[in-house]
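The values are calculated or read from the model by the stated rules, or taken from the named source; none is laboratory data. Just so you know, these numbers come straight off a predicted model, no measurement behind them. Every residue, glycine as well, gets a Cβ built from its backbone with ideal geometry; the counts of neighbours run over all protein chains shown.
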Amino acid sequence: MDVIKIAIVGVVGALIFIYLKTNSSELSGLTAVATGILMLIMTIDYIFIAVDFFKNMATTSGIDSEVFKIIVKIIAISYLADFSSAICADLGVSSLAEKVNFASRIIIFVCAFPVITNLYQVVSSIIV
């Protein structure tokens with residue numbers, strides 16, 4: 001099972017991080033980042049499965065492909081920002097982690113404008 005492999009990588013990475021932190025703090029941060037990236041790479045197949053699932057849902061439900069692309073983009077931005085923010089926090093730069101989260105919220109808000117516009121048009125056409 002992949003989740004067991006990912007858990008093992010995480011625990012081993014944490015143990016190496018703790019060991020290196022007592023000896024050399026520069027390498028401990030890199031260990032945390034490398035472990036996180038490795039765990040992310042191990043989930044790539046699942047990301048593609050999720051995207052295919054949502055593509056099929058959008059096709060069968062009749063959702064506009066542009067709306068689907070925007071929703072996937074928003075989800076990707078959210079996950080990427082969360083991952084980047086966690087790396088910043090792991091490296092001890094929590095102020096930068098907060099700025100990554102704030103910037104991603106602004107980008108997500110702007111990306112959502114077309115979806116909000118479509119929703120407004122649908123609601124106004126129902127009301128009128």
> Taking the condition surrounded by 14 or more Cβ atoms within 10 Å (Cβ to Cβ), hydroxyl-bearing (Ser, Thr, Tyr) and either under 17 Å from the mean Cα position of the chain (by Cα) or over 24 Å from Ala89 (Cβ atoms) (or both), does Thr59 pass?
Replying inline: no
> List, please: which pairs have Cβ atoms under 8 Å, are six or more places apart or on different chains, and start with a residue in the range 37-50 that is within 19 Å of Gly13 (Cβ to Cβ) and end with one that is at pLDDT 90 or above and in a loop (DSSP other than H, G, I, E, B)?
Replying inline: none
> Do you know which residues across the range 81-120 are free of Cβ contacts under 8 Å to residues at least 24 places away in the same chain and polar (S, T, N, Q)?
Replying inline: Ser84, Ser85, Ser94, Ser95, Asn101, Thr117
>> It is to be established whether one or more residues within the range 6-27 are touching a helix residue (DSSP H, G or I) at 6+ places or on another chain (Cβ under 8 Å) and not in a helix (DSSP H, G or I).
In response: no
> Of all residues in the range 70-96, how many are under 16 Å from Ile37 (Cα atoms) and among the polar types (S, T, N, Q)?
Replying inline: 2
> Residues in the range 75-102 that are in contact with a Ser or Thr (Cβ under 7 Å, 6 or more places away or on another chain) and β-branched (Val, Ile, Thr): how many?
Replying inline: 2
> Before we move on, is Ser94 under 17 Å from the mean Cα position of the chain (by Cα), under 30 Å from Ile4 (Cα atoms) and either outside the structural domain of Ile16 (by TED's automatic domain parsing) or hydroxyl-bearing (Ser, Thr, Tyr) (or both)?
Replying inline: no
> Across the range 25-46, which residue is surrounded by the most Cβ atoms within 10 Å (Cβ to Cβ) among those that are over 15 Å from the mean Cα position of the chain (by Cα) and of a type in the set (Ser, Thr, Tyr)?
Replying inline: Thr31
>> I need the full set of residues from the range 94-128 which are touching a helix residue (DSSP H, G or I) at 6+ places or on another chain (Cβ under 7 Å) and among the hydrophobic types (A, V, I, L, M, F, W, C), in order please.
In response: Leu96, Ala97, Val100, Ile107, Ile108, Cys111, Ala112, Val115
>> If I ask for residues that are modelled with pLDDT under 85 and of a type in the set (Gly, Ala, Ser), which ones from the range 1-24 would you list?
In response: Ser24
> Here are some conditions: (1) closer than 24 Å to Asn118 by Cα; (2) at pLDDT below 85; (3) touching a helix residue (DSSP H, G or I) at 6+ places or on another chain (Cβ under 8 Å). Leu91 meets all but one. Which one does it not meet?
Replying inline: (1)
>> One residue is enough: does the range 73-87 have a residue meeting the conditions modelled with pLDDT under 85 and in a helix (DSSP H, G or I)?
In response: no
>> Every residue in the range 102-116 that is under 15 Å from Ile63 (Cβ atoms) and of a type outside the set (A, V, I, L, M), please.
In response: Pro114
